[in-house]
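The values are calculated or read from the model by the stated rules, or taken from the named source; none is laboratory data. Remember, it's a predicted structure, so these values are computed and weren't measured experimentally. So basically every Cβ, Gly included, is an ideal-geometry build from the backbone, and we count neighbours across all protein chains shown. What goes into the accessible areas is simple: the full protein's heavy atoms, side chains included, and nothing from ligands, DNA or RNA. Shrake-Rupley method; radii C 1.70, N 1.55, O 1.52, S 1.80 Å.
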Amino acid sequence: MRVCVIGAGPGGIVTAKVLLENGFDVTVLDKYEQVGGVWSSGGCYDGLANQSALRIFEFADLPNSLHFADAEDTQRYLEKYAETFGVLARLRPGTEVISVRPVDGPGRPGAAGWSVDSRPAGDGTAEVHREEYDHVVVASGAHHHPQLPGLPGRESFRGTVLHSNEVRAGTFTDRRVVVVGGGKSALDLVTRAAREATSATLVQRKVNWMIPERFLLGLVGYKWILFTRLGEALLPRYHDPACIRPVDRLDERVKRALWWLITRDLLLSTGLYGLPKHLRPDRPLPFHLAHAGVMPRGYVRAVRRGLITAKVSAVEAYTDQGLRLATGEEVAADVIVFATGHRKVFPFLDPSVPVHDSAGRLRLYRGIVPPGADRLGFVGFRQVFNNIMGMELTAHWLACHFRATLRTTPSEQQMREAVEARLAWQEQVLPGSGGYDFGPYDIHCADELLHDMGLPSRRAGNLLAEYLLPGGVARRYRGLTRSRRPE
Ligand SMILES: Cc1cc2nc3c(=O)[nH]c(=O)nc-3n(C[C@H](O)[C@H](O)[C@H](O)COP(=O)(O)OP(=O)(O)OC[C@H]3O[C@@H](n4cnc5c(N)ncnc54)[C@H](O)[C@@H]3O)c2cc1C
């Protein structure tokens, strides 16, 4: 069976590897010249570093001894992975997919396969190449299409306006920089601006939670708290009853007390306690953990030293000198960087394929397949903290789905109902996650897919290891292709 994988970022290459070992005939198309997606040269802002601790940014079958690595080293790991498992030989780099349409035939879109149009990237006049595939996997990245707010007055501002993806070496040198946003990219970039620019200002609508590299006053790496079954048991209960264990039924009062302690430790360990109260997050944990990145080194210090001016406000409009905030204050800038995230969109996908709802939320069953279409899957759109591991499990699930060997194949209606239930739960416990971000539920999300594949979710040799050692890591899920149910 011929499969087209769109994208050669981490999601695309691990999918290609898993599908190849499951006997599929795989072609990978990517508009970049290198594998790695976000981590390839030009895939994100200059100076991007990996916030993953040891054994987190790792696929099951290739150890990665790097942690908190820079983008170049991360890309090298991904390239080695693609080479080792025969994915490079299946890659057509510099190829942009411009259209994916269902092949005409009876049944739902995709029942007879998919027609994929591509052409050399960046050459709008080049000849279009058309091919038909039995299946298509969209791994085109959740951080690929910049999202910028449509503020009035752009024509009056004479400086430079960039999305965070576009920051390159030298962008900030000797300029007044204003960064808009409150996530990991915004904090990374304003910390960098504090070193390189004439002035560095951060404007954030609200202050987000950030995770320290190490908890308990620097003694314990974050994976020992967040990536264990016991750690996940402290979260609000997962929506899928098949994934609930006795430990998840911990008394709510106990959970609240433990979160009170974790919150204090988190404020101390990130250094946020040292900042004025309005620059600390004021929303309760764990509900807003989904958007938390790892606190960049140097951010808190730079704010305390006055090298970063941090403001909490929405932005209202451009002025000729910079930006006007909702508070009425004006901030002057030579460069404005919007670290305001990315749209989860698929411009090449035929509009007959329902992927979003009217609120723009992704409506994918299990975060992987659209209920109204066949032979089509998405990888990289059910984000958890360790999304590398999540993508690898998604790839295994898709291999089973394409071969119709999942434990059950729900009807379209059942899929829609499951999507509804999942979105409703998500809005409650991970507000604003848009059908995409499942944040700290690494192990529960993994259990869900293992359950569908008929595989045991207990992965460690004994109970202590099962509950206390980091479980949200790919090496726990080695050998899944061998251990799956026979076809
Ligand atoms: C600032 C930032 C920091 C991050 N830090 C971390 C981190 O520390 N640890 C971590 O695990 N994750 C991190 N992430 C998440 C990151 O997105 C993932 O690590 C990973 O790169 C996602 O992989 P992906 O394959 O889904 O998408 P991507 O890496 O975005 O790859 C998608 C690929 O699809 C290709 N593509 C898109 N459209 C087309 C088309 N039409 N035709 C052909 N090819 C196409 C792109 O060229 C790209 O190569 C970070 C993300 C950002 C933005």
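Summary of computed values
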item	result
Filter result for the condition that a residue is out of contact with any His (no Cβ under 6 Å at 6 or more places or on another chain), open to solvent by less than 10 Å² (accessible area, probe 1.4 Å) and assigned to a loop (DSSP other than H, G, I, E, B), over 385, 381	381
Matching residues in the range 163-187 - criterion: being open to solvent by 30 Å² or more (accessible area, probe 1.4 Å) and at negative phi	166, 168, 169, 173, 175, 176, 184, 185
Close pairs from the range 245-269: first buried (at least 16 other Cβ atoms within 10 Å of the Cβ), partner among the β-branched types (Val, Ile, Thr), Cβ under 8 Å, at least 6 apart	262/225; 266/211
Search result, residues across the range 104-146 that are open to solvent by 20 Å² or more (accessible area, probe 1.4 Å), out of contact with any Pro (no Cβ under 9 Å at 6 or more places or on another chain) and of a type in the set (A, V, I, L, M)	128
Among residues of the range 282-298, those that are over 18 Å from residue 227 (Cβ atoms) and open to solvent by less than 10 Å² (accessible area, probe 1.4 Å), counted	0
Residue in the range 200-220 that is without any contact (Cβ under 8 Å) to a residue 24 or more places away in the chain and open to solvent by 30 Å² or more (accessible area, probe 1.4 Å) present	yes
Strands (runs of 3 or more DSSP E) fully within the range 142-224 counting 1 or more residues that are within 13 Å of the ligand (Cβ to nearest atom) and under 30 Å from residue 378 (Cβ atoms)	160-163
Flag for residue 225 being within 20 Å of residue 430 (Cβ to Cβ), in contact with a Lys or Arg (Cβ under 8 Å, 6 or more places away or on another chain) and open to solvent by less than 60 Å² (accessible area, probe 1.4 Å)	no
Count of the range 17-52 residues which are more than 11 Å from the ligand (Cβ to nearest atom) and in contact (Cβ under 8 Å) with a residue 40 or more places away in the chain	10
Selection status of residue 55, more than 7 Å from the ligand (Cβ to nearest atom), out of contact with any strand residue (DSSP E or B) (no Cβ under 7 Å at 6 or more places or on another chain) and without any contact (Cβ under 8 Å) to a residue 12 or more places away in the chain	no
